[in-house]
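Enquirer: Below is a structure I'd like to ask you about.
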Amino acid sequence: MAASESFGWVVQPEGDMFAGEIYPDASALDGPVPQLMRCGWAFVVLCADTGKVIASAMGVPPPWITDIGGAEAWAMLQAALRVVPGQRSRFKGDCKACIDMIHADMSVATSAKRALARVYAILLTALE
């Protein structure tokens, strides 16, 4: 696992902000022991009118995220932090666990029983 999180633009939008159709994704490569797991995330943003790529980024989540569900939530967070306020954007994720937590009540998503409560607390606040 990486010592710290990272963020890198592949297609950098003007002002580092965007609005459009956002497709977050993540992956986790298992190793023979948990210490060798590697997580990564990315997102791509398409213009809602033209379908052209207007932004994309990638990186690794912080070391306290140790599974694909957490990496997926981190990808959504990284995109949510860069959406132009007041402009319509839509997330199109494929991680059912993430989508369920985004639609859940804040108290459910951030319950102490949830391993990813910390990332969902940040994500749900960013999505407001």
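Enquirer: Within the range 61-83, does at least one residue satisfy the condition of being surrounded by 11 or more Cβ atoms within 10 Å (Cβ to Cβ), under 21 Å from Glu128 (Cβ atoms) and of a type in the set (S, T, N, Q)?
Expert: Within the range 61-83, one or more residues are surrounded by 11 or more Cβ atoms within 10 Å (Cβ to Cβ), under 21 Å from Glu128 (Cβ atoms) and of a type in the set (S, T, N, Q).
Enquirer: Look through Lys96, Lys52, Lys92, Lys113 and report the one residue that is over 24 Å from Ser4 (Cα atoms) and open to solvent by less than 90 Å² (accessible area, probe 1.4 Å).
Expert: The conditions single out Lys92.
Enquirer: All but one of (1) in a loop (DSSP other than H, G, I, E, B); (2) touching a Phe, Trp or Tyr at 6+ places or on another chain (Cβ under 8 Å) hold for Val44; which doesn't?
Expert: Status for Val44: all satisfied but (1).
Enquirer: Still on this model: Out of the range 1-29, which residues are open to solvent by 30 Å² or more (accessible area, probe 1.4 Å) and hydrophobic (A, V, I, L, M, F, W, C)?
Expert: Selection gives Met1, Ala2, Ala3, Phe7, Trp9, Val10, Val11, Met17, Ala28, Leu29.
Enquirer: Still on this model: Report yes if some residue within the range 30-38 is in a strand (DSSP E or B) and open to solvent by less than 60 Å² (accessible area, probe 1.4 Å); otherwise report no.
Expert: The answer is no; no qualifying residue exists.
Enquirer: Which pairs turn up if I take residues in the range 109-124 that are β-branched (Val, Ile, Thr) and look for partners that are in a loop (DSSP other than H, G, I, E, B) with beta carbon separation below 7 Å, at least 6 apart in sequence or on another chain?
Expert: Listed by first residue and then by second, the contacts come to Val119/Ile65.
Enquirer: Gly15 is checked against (1) within 25 Å of Ala121 (Cβ to Cβ); (2) not in a strand (DSSP E or B) and fails just one. What number does that condition carry?
Expert: (1)
The values are calculated or read from the model by the stated rules, or taken from the named source; none is laboratory data. Quick caveat: nothing in here was measured; it's all calculated off a predicted structure. Note that each Cβ is placed from the backbone with ideal geometry, even for glycine, and that neighbours are counted across all protein chains shown. These accessible areas exclude ligands, DNA and RNA; they are computed on the full protein's heavy atoms, side chains included. Shrake-Rupley method; radii C 1.70, N 1.55, O 1.52, S 1.80 Å.
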